[in-house]
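Comments concern the structure below.
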Amino acid sequence: MVRTCEVALPLPLRTTFTYRVPEALDEGMVDGVRVVVPFRNRAMLGVVLGRGDSPDGALLKNVSEIIDPLPALSLRLIELARWISNYYLSPIGETLRAMLPPSVEVQFDREWQISEAGAARLRDLRSLTAPNEAESADLAVLQELDSRGIIAPDRIFHKLSGGSAAATRLLRRGELIVQGSGRHRTARTQKIVAWRAPAAPAAARPAEQRIHRVLVESAGVLPLASLLEAAHVSGSVVQRLVKEGKLVVSEEALTPEHARFATDLVPPVNRLNTDQTRAVEAIRARLQTRAFHPALLHGVTGSGKTEVYLRVVEETFALGRTAIILVPEIALTLWIGNICRARFGDAVAVLHSGLSDQERAREWWRVRRQEVQVVVGTRSAVFAPLENLGLIVIDEEQESSYKQEEAPRYHGRDVALIRAKLEGAVALLGSATPSLESYHRAREGKYELLCLGSRVENRPMAEVRIADLREDFRLTHKADPISQDLRSAIARELAAGRQSIVLINRRGYSWFALCRSCGAAILCENCSIALTYHKKRERLACHYCGFSRTVPRVCAKCNSEHIYFVGAGAEQVEEHLRSLFPQARIARLDRDAVRRKGAFGLVLNAFGAGNIDILVGTQMVAKGHDFHGVTLVGVASADAQLGFPDFRAAERTFQLLTQVAGRAGRGALTGEVIVESYHPEHYAIQLAALQDYVSFFERELHFRRLMRYPPFVALASVLVRGAKVEKAIQWSRQIEGFFESQMAQEIKLLGPAAAPLSRLKGEYRFQFLLKSTRRAALNHMLNKCLAFCAEKEIPDRAILIDVDPVNLL
């Protein structure tokens with residue numbers, strides 16, 4: 001019998017692999033540890049899921065190396081991974097990859113070597129007097145390898161003429177041998193500068209004084225790169241001061257760069273009102289039981305939900321347990337993370353995709369080594385390897401960004417509930433506009449419902465007015481990016497020295513470009529969607545696949561020069577406001593404006609400090625932020641989402657409008673909100689203006705009940721895709737035949753039909769929707785569908801199953 005282990009690899013395969021455990025590695029081979037293993041002709045990083053013995057172990061490949069001194073994943077996280085894999089029908093290896101930190105410790109290469117057949121071929125090629133082009137390329141590769149013995153990186157072949165093709169050809173003929181290898185990377189470091197002299201004399205040069213001032217303001221030390229930028233000096237100035245003994249430079253491991261808000265933007269510790277006190281006491285009682293308990297904190301915007309979160313985190317610490325706070329956007333991690341650091345100090349770690357791989361791995365391992373007590377982050381932070389977890393907060397739980405759109409397609413909120421159940425923790429969902437599913441569960445008693453019915457210090461809710469764009473057009477005969485009502489209101493706030501936010505939930509300058517002569521829109525080459533115009537870059541871009549092109553001078557179909565841009569995006573609204581109010585300080589917050597690392601924090605810092613008068617942005621500005629100087633919020637094209645082919649369109653419109661309305665009037669002054677719409681009579685617009693969530697919930701729930709949509713049924717999407725439309729149609733018909741022959745009575749099938757985005761990233765797409773009153777029956781049917789596809793040799797990649805989808809495009 002040979003000792004073996006079960007290893008999950010980060011591959012889209014629904015199986016694990018068995019490897020032999022060498023005697024030297026036996027002691028450290030425990031569940032949850034990461035290992036390097038050979039797979040085909042390369043080395044890969046996998047996770048050990050179990051141990052065993054095998055009589056056929058001699059035929060197995062050896063584990064090459066154990067990476068971790070302690071298991072990367074605890075047994076509870078492995079159990080959570082198995083649940084995700086089963087529920088979302090996700091390969092276990094891909095699920096575990098989403099839970100692990102970036103593998104910055106090891107770099108994987110391929111090692112090449114000449115075989116005996118290759119050595120014979122090299123002798124033959126050297127004897128040729130006039131080799132052809134292919135023989136010359138083979139000779140160059142073999143000679144290079146012969147001189148080196150073993151060669152690790154593939155890139156060496158790119159330097160040789162025809163080298164890559166020759167290496168592939170030689171490998172196929174058995175004249176080369178290739179195997180995977182992994183080598184450890186050296187830790188990244190950075191230079192840290194500290195002031196050594198007592199002080200900078202008054203007569204010192206201006207550059208020296210600036211360096212001294214910046215270092216004093218930064219507690220005496222600062223990374224060299226940050227110092228050069230903040231003090232506006234060159235590296236030669238620093239070198240001179242080091243020689244003079246005034247500065248000292250040392251090296252230390254690279255630490256995460258967290259964008260920080262100014263200290264005066266961190267809200268003080270507030271006294272709790274009656275509703276907040278009641279909520280904190282209810283959660284404290286549940287924490288003390290050390291048992292799983294889900295609760296929904298429904299509080300109007302500005303009601304102090306963040307302070308409740310912080311207080312219950314303190315209660316969790318008092319019991320010797322740890323906490324996770326999930327937020328839907330990276331921008332909010334900067335705000336909440338800074339508040340938590342101000343309250344809890346170094347016991348806080350921040351995890352999100354905006355960090356570099358090295359920064360994220362460093363923070364992740366701080367958590368794993370139990371150096372922190374609370375983790376703040378976006379959806380993947382639900383996997384933070386905290387021990388003794390007592391609380392998971394899911395802020396703005398209704399946000400669709402909690403749903404992962406690539407494998408594994410998990411929902412962060414629902415995974416948080418399962419993890420809390422496994423850990424015996426409290427799961428606290430918070431929102432001013434909860435998802436219908438969550439509020440319905442709370443009304444049914446499955447979650448405890450905690451309500452914050454009024455704003456902090458009884459501040460009044462902002463007054464909301466609806467601007468009818470149809471009437472605005474009748475009066476002006478123009479379709480300006482903003483209405484006359486909003487223009488007048490912004491002018492009034494500027495005159496009074498107050499701040500405004502303008503929400504336009506469209507990126508770019510214009511929605512799309514079309515020809516006025518023939519009506520043809522300029523479409524993406526890879527997707528069935530019109531390209532968005534970005535004026536600053538002078539490009540038309542696809543926000544799905546990344547394709548972009550220059551703006552054509554003439555129409556490709558009719559050769560007309562009349563190219564016309566339709567609709568206003570955030571870039572155009574910003575430009576329009578700058579032309580209307582040239583004296584105003586205006587900034588934009590969207591993915592295009594804040595591409596550079598740390599730009600989120602810079603814009604929000606400036607706005608919070610009052611250095612920006614008007615902030616234009618997409619939904620990034622709509623939720624979570626607490627700026628007391630904002631007295632006006634305008635919403636342009638408020639009803640743009642209502643036309644989307646999605647049963648959640650009205651819910652998303654209501655949530656977005658209510659959330660952004662909550663940014664106004666959070667300080668001492670009352671707020672005003674102007675909502676622009678071409679459909680002001682729609683119930684989502686009307687009830688958002690009233691900020692009446694309960695009435696919207698009742699009306700929308702009635703629609704969902706009639707149409708058999710969640711929360712009354714479980715929903716799954718099966719997407720069939722292929723580079724050739726004929727293949728996609730063929731596979732769709734095969735799957736349709738399977739469903740028709742196997743469909744259970746409690747499952748309803750819709751489709752196949754062309755997906756709303758019928759072509760995406762070069763692939764044609766056809767969609768099935770399955771509804772079921774029994775989730776177990778739906779899961780069983782989807783598993784049988786996957787087995788059928790494997791039997792019919794339909795490629796795994798051609799079938800995309802999304803359980804509980806939030807995006808039906």
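Observations
- Degrees, to the nearest 10: 412-423 long Cα axis against longest axis of the chain: 70 degrees
- For the chain, the solvent-accessible area works out to 45 Å² per residue, with a probe of 1.4 Å and every protein chain left in place.
- Solvent-accessible surface (1.4 angstrom probe) belonging to Glu244, in square angstrom, nearest 10: 90 Å²
- Residues in segment 44-58 that a label on Glu23 would reach, taking backbone N under 16 Å of a point 7 Å out along Cα→Cβ: 58
- Percentage relative contact order, segment 517-586, counting C-alpha pairs under 8 Å, at least six apart: 21 percent
- Cross-link pairs Lys478/Lys623; Lys191/Lys246; Lys159/Lys761; Lys305/Lys403; Lys748/Lys784; Lys724/Lys761 - those with Cα-Cα distance over 21 Å: Lys478/Lys623; Lys159/Lys761; Lys305/Lys403
- Exposure check, 1.4 Å probe, all protein chains in place: Cys515 carries approximately 0 Å² of accessible surface.
- Estimated distance in nm for a label pair at Glu406 and Ser741, the labels positioned 7 Å out from Cα along Cα-to-Cβ: 3.6 nm
- Farthest toward the positive end of the dipole of segment 374-516, out of Gly430, Ser400, Cys515, is the Cα of Cys515, where the dipole comes from beta carbon charges about the Cα centre.
- Here each label is just a point 7 Å from Cα along the line to Cβ, and for Glu371 and Ala606 those points are 3.4 nm apart.
- Inter-label distance, nm, simple model (7 Å from Cα along the C-beta direction), Arg42/Asn62: 2.3 nm
- The amide H of Ile192, built 1.01 Å from its N in the peptide plane, has Leu224, Ser250, Glu251, Glu252 as neighbours under 5 Å, considering only residues 5 or more places off or on other chains.
- Length-normalised contact order for the chain - Cα pairs under 8 Å, 6+ apart - percent: 10 percent
- The residue list Val280, Ala166, Val312 was ranked by how far each Cα lies along the charge dipole of the chain toward its positive end, using unit charges on Cβ atoms, and Ala166 comes out on top.
- Stretch gain in nm, segment Arg110-Asn132, where the contour uses 0.36 nm per residue and the Cα spacing is subtracted: 5.1 nm
- Helical mean residue ellipticity (222 nm; -39500 (n - 2.57) per DSSP H run of 4+; nearest 500) of the chain: -10500 deg cm²/dmol
- Rounded to 10°, Cα long-axis angle of helix 133-148 versus longest principal axis of the chain: 90 degrees
- Dipole magnitude of segment 564-713 about its Cα centre (Cβ charges: Lys, Arg +1; Asp, Glu -1), debye to nearest 20: 540 debye
- Relative contact order (percent, whole number), segment 513-629, Cα cutoff 8 Å, 6+ residue spacing: 19 percent
- Cα-centre dipole for the chain with unit charges at Cβ (Lys and Arg positive, Asp and Glu negative), debye to 20: 700 debye
- [x] 111, 69, 48; [y] 88, 86, 72; [z] 106, 61, 59, with the label sought being that of the calculated Cα extents along the principal axes in Å: [y]
- Accessible surface of the chain [probe 1.4 Å, protein heavy atoms]: carbon and sulfur percent: 50 percent
- Per-residue HN-Hα couplings for segment 21-34 [Karplus 6.51, -1.76, 1.60; θ = phi - 60°; Hz; x = Gly/Pro]: 9, x, 4, 5, 9, 4, 5, x, 7, 10, 4, x, 7, 8
- Segment Val249-Ala225, extension gain: residue separation times 0.36 nm, minus the distance between their alpha carbons: 7.4 nm
- Extension gain (nm, one decimal) between Lys159 and Leu475, 0.36 nm per residue minus Cα-Cα: 107.0 nm
- Considering only Gln686, Gln190, Ala587, the residue lying farthest towards the positive end of the dipole of the chain is Ala587, judged by Cα position with unit charges set on Cβ.
The values are calculated or read from the model by the stated rules, or taken from the named source; none is laboratory data. All figures in this text were calculated on a predicted structure; none of them were measured in a lab. Cβ atoms come from the backbone with ideal geometry, glycine included; neighbour counts cover every protein chain shown. Accessible surface areas use protein heavy atoms only, side chains included; no ligands, DNA or RNA. Shrake-Rupley method; radii C 1.70, N 1.55, O 1.52, S 1.80 Å.
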